[in-house]
Amino acid sequence: MRDTLSRRAIAAALAASIALPAMMAPAFAQDFKGKTLVVGVWGGDIERLLRQNVVGPLEAETGAKVELVLGGTGDRLARIYAEKANPTMDIAFLNIYEAPQALKDGVVEAPDPKSPLYTEIWDGMNNGCYAMSLVGLGIAYNKKLVSSPPEWADMWKPEYKGKIAVASYPGSEGDGLLGVAARLAGKDEHDADAAFAKVSELKPIALTYTNLDEAFAMMDAGEVAMAPMISGYVLAALKQHPDIGFSFPKNPGPVLVRDMLCLVKNSPNPELAKKFAELALGVKNQTDYAEQLYFGPTNKNVKLPESVSADVIDTPEEVSSLLQLDWPYVITQRSDWTQRWNKDVLGQ
């Protein structure tokens, strides 16, 4: 009788131990059921990968919903500043030059040095927010007009007069071009007169592009020889444009551009936001960013095939070789530079 009771007690205890995790899992999901995490981000392939690697798994794990608010960083910045006292957005994807200012202005949380979000990212990357991806400003070029991968100075050669395209300003491409031009003139971005004088030598500008399709169409037609562009977007599109190449110049090097994942300060769902960030900055999503978008990973645990690594920025050594602008200074000059760009570069 005693043995029978013991066996029954043991069986009951085992059943309870097995049932406990099953009971706890829905309880964890229940904690977030009915919650909606609001994330401001770009659309296109970035949206696609985030839905695949982050949104889907997070919703399945937590029971929460994730709303992606698509658009440019200007829209997101306007929203988080306007809602500073009572934010409705939890995460905002910003650029390398916007994140430090957003932190200074108290609209995003400072990166936590003790968090895995911080420690798994290469040292020196988390400026203002968490570093999401790495790309460089280089030169897209028409292979029929430019025989070998060009250096920055090649854009100023007489044979390419009137065949240089530039992105609309303000933007990273224009800031980078000004930084490069200043260095070709023996200065840097702190000397706006030297920078604008040098860029003005490229006039007449063949095209001010607002998207890659229009720039590539002009290149394929032979009307544009070269254009400063951000590496990831170009490399991902080159399969459809065999006559267009991309160059990472060496003197000076490509301009480092970095996308940042920012946790909005005092957001409605801080714990959910951290879980989103963990997945977004994780090995799976960062690997897909590199292999499909040609955006270099910031997570030091990512290991890429050599064929992929060759086309992305994926080591601290490569990052240190790139041209890094004084972005906090640049952002303070944006208003004045926009007026000068329109007048001195575009002649408006």
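Here are the numbers for this structure:
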{"item": "Members of the range 122-164 that are part of a helix (DSSP H, G or I) and among the small types (Gly, Ala, Ser)", "result": "ALA153"}
{"item": "Close pairs (6 angstrom Cβ cut-off, 6 or more residues apart or separate chains): within 13 Å of VAL55 (Cα to Cα) in the range 272-295, charged (D, E, K, R) and buried (at least 23 other Cβ atoms within 10 Å of the Cβ) anywhere", "result": "ALA273/ASP90"}
{"item": "Candidates VAL312, VAL302, VAL319, VAL308 - the one that is within 24 Å of GLU47 (Cα to Cα), modelled with pLDDT under 95 and buried (at least 19 other Cβ atoms within 10 Å of the Cβ)", "result": "VAL312"}
{"item": "Residues satisfying the stated conditions in the range 234-258, i.e. in contact with a Phe, Trp or Tyr (Cβ under 8 Å, 6 or more places away or on another chain) and in contact (Cβ under 8 Å) with a residue 60 or more places away in the chain", "result": "VAL234, LEU235, ALA236, ILE244, GLY245, PHE246, SER247, PRO249, ASN251, PRO252, PRO254"}
{"item": "Residues located in the range 50-76, provided they are within 13 Å of the chain's Cα centre (by Cα) and either of a type in the set (A, V, I, L, M) or assigned by TED's automatic domain parsing to the domain that holds PRO170 (or both)", "result": "LEU50"}
{"item": "In the range 313-348, residue nearest to ASP123 (Cα to Cα) [restricted to those that are free of Cβ contacts under 8 Å to residues at least 24 places away in the same chain and part of a loop (DSSP other than H, G, I, E, B)]", "result": "THR315"}
{"item": "Sole residue being surrounded by fewer than 24 Cβ atoms within 10 Å (Cβ to Cβ), closer than 30 Å to ILE244 by Cα and either in contact with a helix residue (DSSP H, G or I) (Cβ under 6 Å, 6 or more places away or on another chain) or among the hydrophobic types (A, V, I, L, M, F, W, C) (or both), chosen from TRP156, TRP152", "result": "TRP156"}
{"item": "Condition met for ILE331 (farther than 30 Å from ARG51 by Cα, modelled with pLDDT of 95 or more and touching a helix residue (DSSP H, G or I) at 6+ places or on another chain (Cβ under 6 Å))", "result": "no"}
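The values are calculated or read from the model by the stated rules, or taken from the named source; none is laboratory data. For clarity, every value in this text was computed on a predicted model and none was experimentally measured. Glycine gets a Cβ as well: all are built from the backbone with ideal geometry, and neighbour counts include every protein chain shown.
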